[in-house]
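Laboratory data are not the source of any read-out in this text; all were calculated from the coordinates shown. All values reported here derive from a predicted model rather than from experimental measurement. Glycine also receives a Cβ, built like all others from the backbone with ideal geometry; neighbour counts cover every protein chain displayed.
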Amino acid sequence: MNTDNTNSIIIILIFGFLILLSFLNISNPLKVNRKANLWFGIFLLLWSTFWLDEISFLIYGNEINNQLAVFIHFIQFLTPIVFFFSVVYFSNPNHKFKITDLKFMILPIIFLIFLLLKQIAKKDNIDLYQAILTGLLLIQAFFFTSLSYLRIRKHQKKIQLFSSNTREINLDWLEYIIFIVLLMSGVSVLYYILFNPLHLNVFINSAYLIVIFSIAYNSLKQKEIFPWNEKQRNEIILIDENSLDMKRKIVSDEELIPLKSRINQIMQQEKPYLDCDLNLVKLSEMLNITPHQLSYVINSGFNENFFQYINKFRVEKAKELLAKNDMNNLTIVGIAFESGFNSKTSFNTTFKKITEQTPSEYKKSCSNL
């Protein structure tokens, strides 16, 4: 099979998979993160249009006509914005559009104006308009990619305030999409300059196909990030590191000390940390206080976030199990689950961060005593 045929098959697969994946995210059969998946599905649909020219050439033997091309290039320009809003809704399903959000349409309107001007421009000016359009496209992509990345990083910090197991809700797969697409864009430019562009198409499209498979796997298994009723969800979303500032006393100093004792007592006697799905809401209900109050007590009273506080108990439980000779029948994964962790990866990472040893190293050190 020659290079042209190989590339054609890959292009068809990319376009078909993106359309299918877009439909699955928009229809959202699992009914999780509904608004986020709707926006992410639209993003995938817009992303598929980047291969439309090649699909049109394969089917009809020619590229898309100028009028349709203007529309397609415009919606392609919107792709980074739609991706950004999918990230916004993953991190805050209660987000509501405001008048100030119209500022995000400034660049698209400018882009559309230059697209239309290019259609009526003289041949001598077409290259100039194309350079301007390319520059706007790069600015748009960089700006919204940066915003998306910062939003994901903020989300990864925030979920530690209310979740004890963050691996399945931390959106790191979206972060990887950003890095991989940026990396492939850089490779494309270098490869185009140094090597045969035809081989570049096969290589880059193959890489994109692998990325799309990864996106499909991660997007379809993404868990609900805020799985509580509306009142609880609103309270959780309002919690952030700034709202837990010591200067704003959500709990008085007189109440703080007995609450700290109650929390420690429940942790030691009832061991709620053994529940791998333990979250701020569940623990606050056990204490009969609001999630916001509990978060404040943990942050200001113990100088830790919820994730750190709970996993400290889990690691202590794991150390206890690892040190027991009669627990040798349990694997490391078994120890992880018995201690309240929901995966070997999160267990190893958290255990090493707290003890500066891996579980295996700790077990070995205990057996040598």
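With N denoting the number of residues in the chain, provide Rg(C-alpha) divided by 2.2 N^0.38 Å, to two decimal places.
That ratio works out to 1.24.
With each label point set 7 Å from Cα along the Cα-Cβ vector, what nm distance links Arg167 and Asn66?
For Arg167 paired with Asn66, the spin-label model returns 5.6 nm.
I'd like the FRET efficiency for Asn288 and Gln76, computed as 1/(1 + (r/R0)^6) with the beta carbon distance as r and R0 of 41 Å, rounded to 0.05.
That pair, Asn288 with Gln76, gives E of 0.15.
GNM on the chain, C-alpha springs below 10 Å: top fluctuator among Ala318, Ala216, Ala121?
Judging by the Gaussian network model, the answer is Ala121.
So what's the projected area for segment 142-181, the Cα convex hull averaged over all directions, in nm²?
Computed as one quarter of the Cα hull surface, the answer is 2.7 nm².
With the crude spin-label approximation of a point 7 Å out along Cα→Cβ, what separation in nm comes out for Asn218 versus Phe302?
3.0 nm
At 0.36 nm per residue, minus the direct Cα-Cα distance, what do Asn328 and Ile109 gain on full extension? Give it in nm, one decimal, please.
Result for the pair: 72.3 nm of gain on full extension.
Relative contact order for the chain: what percent, with Cα pairs under 8 Å and sequence separation of 6 or more?
After rounding, I find 16 percent.
Would you please report the Å³ per residue occupied by the convex hull of the alpha carbon atoms in segment 41-164?
Cα-based convex hull of segment 41-164, divided per residue, equals 126 Å³.
Test of the criteria: in segment 66-106, which trypsin sites (Lys or Arg not before Pro) are in a DSSP loop and have at most 10 other Cβ atoms within 10 angstrom of their Cβ?
Lys96, Lys98
Of all the C-alpha pairs in segment 230-367, what % are more than 23 Å from each other?
Pairs farther apart than 23 Å: 40 percent.
Helix by helix through the chain, keep the DSSP H runs that span 15 Å or more along the axis on Cα and average at least -1.0 on Kyte-Doolittle, and give those back in order.
Result, helices passing both filters: 3-27, 34-48, 66-77, 79-91, 106-120, 123-158, 172-194, 197-221, 253-269, 306-323, 344-355.
Quickly rank 129-135, 17-23 as a protection proxy: mean count of other C-beta atoms within 10 Å, highest first.
So the order, starting with the most tightly packed, is 17-23, 129-135.
Could you line up Cys276, Cys366 from fewest to most neighbouring Cβ atoms inside 10 Å?
Cys366, Cys276
Can you pull the one-decimal nm distance between simple spin-label points at Gln269 and Asp127, each 7 Å off the Cα toward Cβ?
The answer from the label model is 8.2 nm.
Placing +1 at every Lys and Arg Cβ and -1 at every Asp and Glu Cβ, with all other atoms neutral, what dipole size does the chain have around its Cα centre, in debye to the nearest 20?
540 debye
Would you calculate the convex hull of the Cα atoms in segment 3-221 and tell me its volume per residue in Å³?
So the per-residue Cα hull volume is 141 Å³.
Please give the Cα centre distance for segment 255-291 versus segment 122-151, rounded to the nearest Å.
Computed from Cα coordinates, the inter-centre distance equals 51 Å.
Provide the FRET efficiency to the nearest 0.05 for the Asp4-Ile120 pair, computing r from the beta carbons and using R0 = 30 Å.
About 0.30, to the nearest 0.05.
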